Amino acid sequence: MDAQKRIKKLMEERGWTDYRLAKEANLSHSTVTNMFNRNNAPTLPTLEAVCRAFGITLAQFFAEGDEPSQLTEEQRILFSRWSPLTGEQKRLLLDLMKTM
């Protein structure tokens, strides 16, 4: 999946500009414009902020087609425990998972 194309599509559906997305996601305008102008893939924290701004989950962002993604009970537990973590805790957990 091309994350930039997906974000652009969601922006178009809402009639949002780059500036509006940056404001709604609490990101710098340069972060958003660099994502498109320099073809920089969004980092996970940036993508989480974008999804919050759009009012969708990461699972919904990556779902193919119009059908919402169905999570298993184990995945729901994982997401519920992930959400309250600080940015540093999330980074450490992801680093740990990469070593597995």
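What to note about this one:
- Sorting Asp95, Asp18 from the fewest to the most surrounding beta carbons within 10 angstrom yields Asp95, Asp18.
- On full extension, the segment bounded by Leu44 and Ala59 gains 4.1 nm, given 0.36 nm per residue less the C-alpha separation.
- Residue order, fewest to most surrounding Cβ atoms within 10 angstrom, among Met97, Met35: Met97, Met35
- For the chain: Kirkwood Rh in Å [reciprocal of mean 1/r, alpha carbons]: 14.7
- Sites Leu92 and Ala3 - FRET efficiency at Förster radius 25 Å, r taken between beta-carbons, to 0.05: 0.60
Bear in mind that the values in this text are calculations on the coordinates, not laboratory data. As the structure is a prediction and not an experimental result, all values here were calculated from the model. Positions of Cβ are generated from backbone atoms using ideal geometry, with glycine treated the same way; all protein chains shown enter the neighbour counts.
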